[in-house]
Amino acid sequence: MALVLTRVNGYAAESERTYFTAPPSRQIKQAFDAMTEARRIALNMVRPGTPCSELDRLVNDSLRQEGYEGEDSRLHRTGHGFGLGNHEPPWIADGSKDVLSENMVISIEPGIYLRGIGGIRHSDTVLVTKTGYELLTHSPTDLESLTIKSWKPVTRLKGWAVRRSLQVHRKH
């Protein structure tokens, strides 16, 4: 897993991705797909007025339905707020009284942990907008892009950065 914690003008943000140095097994692919679906569910719920505990509950319900029962396979909450610190309210967690509102900056980071194998998690920095959200993390999310096919990860990262740059320029 790659983790980046950063500060911009004094404010915190993070980006995490699970990378694979070998082709993932069927078990890992299933967990990755379940995490990706949980991430999609969470992002679709991000908008002002959403209770954070409800967002966490629906994500965890999805993971349970996929067979990821118990706290040992889901070691943490779905997300948290950012501000001057990397972990602060609102807490996107069971029992939270927090409710999302416009201009909050939060993480969405559902994870699955497989005993003896490791964790599968993406963490995105997300801005809550008037009508939904803006994803502030611009990193790959698909299994293909996150599987390192050679032992030259710097070369692979440069390739991704060039492709990303070309996509940004095409949008404008």
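Each reported figure results from applying straightforward, stated rules to the coordinates on display, with no laboratory input. Just so we're clear, the structure is a prediction, and the values are computed from it rather than from any experiment.
Considering all different alpha carbon pairs of the range 46-142, the Kirkwood hydrodynamic radius works out to 13.9 Å.
Spread over its residues, the convex hull of the C-alpha atoms of the range 27-67 is 46 Å³ per residue. Across the range 56-65, computed HN-Hα scalar couplings (Karplus, 6.51 cos²θ - 1.76 cosθ + 1.60, θ = phi - 60°) run 4, 4, 5, 5, 5, 4, 4, 5, 4, 4 Hz from first to last residue, x flagging Gly and Pro.
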